[in-house]
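Peer 1: The structure that follows is given in the form of structure tokens.
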Amino acid sequence: GDGLASSAQHRFVVPAHDGLPDLDVLCTENLEEAAEFLAAWSDERHFGLDLEYRPVFQKDAPPSRSALLQLAAGPRVLLFDLKALRRRTPEPLPEAIASFLEREGGRTFYGM
């Protein structure tokens, strides 16, 4: 196998290794799934945050748009497909994700 156990089409458990716990990973473009996943982090205060995008190598060319948002806390990881979302809506970031990132309350985000 590939070392990943799928519990749904886009939800995976990455098995524990090197003293780390199993990771619960959701890879989605579905706003409801993302909102539900984020809601489970109501008590978390420290998060890893990263964006993936296609690099631009042309001088004076505008940067490419972010394609994937990655958020992690403890053993839970959300991979949100921004590129797929943009095919359906011009909205730059879903409200559930934007409000989660902007919410007051002592959250700290660390670059991954």
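Peer 1: Rounding to the nearest 20 debye, state how big the charge dipole of the chain is about its Cα centre with +1 on each Lys and Arg Cβ and -1 on each Asp and Glu Cβ. Display every interim value, and only then the final one.
Peer 2: On the way: 12 positive and 18 negative charges, 93 e Å.
Dipole magnitude for the chain comes out near 440 debye.
Peer 1: Assign one of three labels to segment 40-112, namely rounded, prolate or oblate, based on the Cα gyration tensor with a ≥ b ≥ c the square roots of its eigenvalues; rounded applies when a/c is under 1.5, prolate when it is not and a/b is larger than b/c, and oblate otherwise. Don't skip to the answer; put the middle values down first.
Peer 2: Details: a/c = 2.22, a/b = 1.69, b/c = 1.31.
Prolate.
Peer 1: Antiparallel versus total DSSP beta bridges in the chain: what percent is that, nearest 5? Can you show the working numbers first?
Peer 2: On the way: 20 of 29 bridges.
So the antiparallel bridges in the chain amount to around 70 percent.
Peer 1: Among Phe109, Pro90, Ala72, whose Cα lies farthest out toward the positive end of the dipole of the chain, if unit charges sit on the beta carbon of Lys, Arg (+1) and Asp, Glu (-1)?
Peer 2: Pro90
Peer 1: Dipole magnitude of segment 9-71 about its Cα centre, charges +1 at Lys/Arg Cβ and -1 at Asp/Glu Cβ only, in debye to the nearest 20? Intermediate values should be presented prior to the final figure.
Peer 2: Numbers: 5 positive and 12 negative charges, 82 e Å.
Taking the Cα centre of segment 9-71 as origin, the dipole is about 400 debye.
Peer 1: Taking θ as phi - 60°, what are the ³J(HN,Hα) couplings along segment 96-101 by the Karplus curve (6.51, -1.76, 1.60), each to the nearest whole Hz, with x for Gly and Pro?
Peer 2: 4, 6, 4, 5, 5, 5
Laboratory data are not the source of any read-out in this text; all were calculated from the coordinates shown. For clarity, every value in this text was computed on a predicted model and none was experimentally measured. Quick reminder, even Gly has a Cβ in these numbers, built from the backbone with ideal geometry, and neighbours come from all protein chains shown.
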